[in-house]
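Shown next, in structure tokens, is the structure this report addresses.
The values are calculated or read from the model by the stated rules, or taken from the named source; none is laboratory data. On a predicted model such as this, the values are computed, not experimentally measured, just so you know. Every residue, glycine among them, receives a Cβ derived from its backbone with ideal geometry; neighbour counts consider all protein chains shown.
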């Protein structure tokens, strides 16, 4: 077993043990904090598939996070107000069922990722970054102007959505759901990276011309990865909206897209648990240093600077040693 | 033998600079053809055009299918396997992963590649960038074979390698010719080895086909003029 695997297992054990302890010690706020960390981890795990394996630096991944959030918000809003979502040509009603909301969030964000990918993946490098940023801003300003669903003020959902057999209002139970989603996404990501598709995607990042010469289409590989990546981030958006029982245009903001990238860089690009470590560190620093100073981002920025300059493998690289890149 | 690959009047440019002015060549099924010429005469450019990695004018067909409108990956899927100049393996992937990424259905699999190049079997968990030049070349050939091609194109497959490794590569090419009946288009500068392994040769000079025939028939005068040997 490698040091990285041991470290990953330790992180996972921490994600199980800490909220359980908080539950037993009756500290629901700590569980909520852990839930936030796990959901942000899930969003960054989605991005890590495109960025870590495929080398796609998307500065618009908050689009999918926002779409997932609004999928939850819109469906729950119509359910709580007993208003159908649409009546013609057929009746669609709102829902408070998490599985249905997650399905809607995943499908909507995957479709958005497919369309954005079809247009943006024809470019590369800084042009790709700029196009994804432009899509992010388009969705952001659209959400601001969408007065039917709160416009700039966003939209509140009064009761958390339900999951069969669970009381999602109990923090530890909702946390368990989020952690299960994260573990599934990590398992899927790991299996995909080792599959022929993942290897070809990795190869397309390294030498696209050679990938074409062995009969593979780099554009198609990247499009599939980008779509799956968007779907996972969309699911995280739906969970985030449920955690806060609130959605707003900030879920589409480019700053959030930037934070997802920062989580991955801090944890370790293309390391399976890199986004998890980065997101957890972010939430911990935001809470503790943010308690001392409103300018806590300065310290976080210094941490990022240190990692970029001295620890290219991120925190996992520093702890578990240098692994082969993108393995 | 019917022509598997047919190239006629091939012209190609790099920006404003024309590299090919009319290349003609054919490779039949099971035939080994040497593509020769001095440096800068258009050998690699011809290969890039055949593999659709470079736009070209003229006729290129593979198995009677016009390649000119196909993207590179579709051309490769028809059965053209390229071992590029400079190897260019997927450096971050292991030997096994390099081969898996390229695999397409057919008789060539990991085991068969390992039999052809036992060194690759011994190093299957090793990252490609840590292999020696010769092993990387074997991996590049193995990767092309994993696509199960009907035409294998080897571009300077023995360039810059130690004599022992070069011999291993030539032995493998000879084995492929004897045992698989695969068509091979091979670019190299070793006249002696090419004479032994090839059925025919096509010599390029200044972006045009200058000579076609069996290398045994190449006169010393022409060899000096076109190949500098």
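Structure values in brief
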| read-out | value |
| --- | --- |
| Single residue of A:252, A:246 found to be more than 13 Å from the chain's Cα centre (by Cα), in contact (Cβ under 8 Å) with a residue 60 or more places away in the chain and over 29 Å from residue A:5 (Cβ atoms) | A:246 |
| Residue match in segment A:189-198 (condition: assigned to a helix (DSSP H, G or I), at the interface with chain B (Cβ under 8 Å from one of its Cβ atoms) and out of contact with any helix residue (DSSP H, G or I) (no Cβ under 9 Å at 6 or more places or on another chain)) | no |
| Members of segment B:117-126 found to be surrounded by fewer than 21 Cβ atoms within 10 Å (Cβ to Cβ) and either part of a helix (DSSP H, G or I) or within 12 Å of chain A (Cβ to nearest Cβ) (or both), listed by number | B:118, B:119, B:121, B:122, B:125, B:126 |
| Residue among A:20, A:75, A:12, A:85 that is in contact (Cβ under 8 Å) with a residue 40 or more places away in the chain and either within 30 Å of residue A:223 (Cβ to Cβ) or surrounded by 16 or more Cβ atoms within 10 Å (Cβ to Cβ) (or both) | A:12 |
| Sole exception among (1) surrounded by 18 or more Cβ atoms within 10 Å (Cβ to Cβ); (2) in contact (Cβ under 8 Å) with a residue 24 or more places away in the chain for residue B:181, by number | (1) |
| Residue satisfying condition, being more than 30 Å from residue A:301 (Cβ to Cβ) and more than 14 Å from chain B (Cβ to nearest Cβ), within set A:272, A:177 | A:177 |
| Hits in segment B:90-107 (condition: more than 8 Å from chain A (Cβ to nearest Cβ) and out of contact with any strand residue (DSSP E or B) (no Cβ under 9 Å at 6 or more places or on another chain)) | B:96, B:99, B:105, B:106, B:107 |
| Test: residue in segment A:234-241 that is crowded, with 24+ Cβ neighbours inside 10 Å, within 14 Å of chain B (Cβ to nearest Cβ) and either modelled with pLDDT under 95 or outside any loop (DSSP other than H, G, I, E, B) (or both) | no |
| Where residue B:105 falls short, out of the listed (1) in contact with a helix residue (DSSP H, G or I) (Cβ under 7 Å, 6 or more places away or on another chain); (2) in a loop (DSSP other than H, G, I, E, B) | (1) |
| Test: residue in segment B:141-153 that is assigned to a helix (DSSP H, G or I) and in contact with a strand residue (DSSP E or B) (Cβ under 6 Å, 6 or more places away or on another chain) | yes |
| Selection from segment B:46-80 of residues that are away from chain A (no Cβ under 14 Å), under 30 Å from residue B:216 (Cβ atoms) and not in a loop (DSSP other than H, G, I, E, B) | B:46, B:58, B:59, B:60, B:61 |
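Each row is one residue, and each column tells you yes or no for (1) at pLDDT 95 or above; (2) crowded, with 18+ Cβ neighbours inside 10 Å.
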| position | (1), (2) |
| --- | --- |
| B:10 | yes, yes |
| B:14 | no, no |
| B:30 | no, no |
| B:49 | yes, yes |
| B:53 | no, yes |
| B:56 | no, yes |
| B:62 | yes, yes |
| B:68 | no, no |
| B:84 | no, yes |
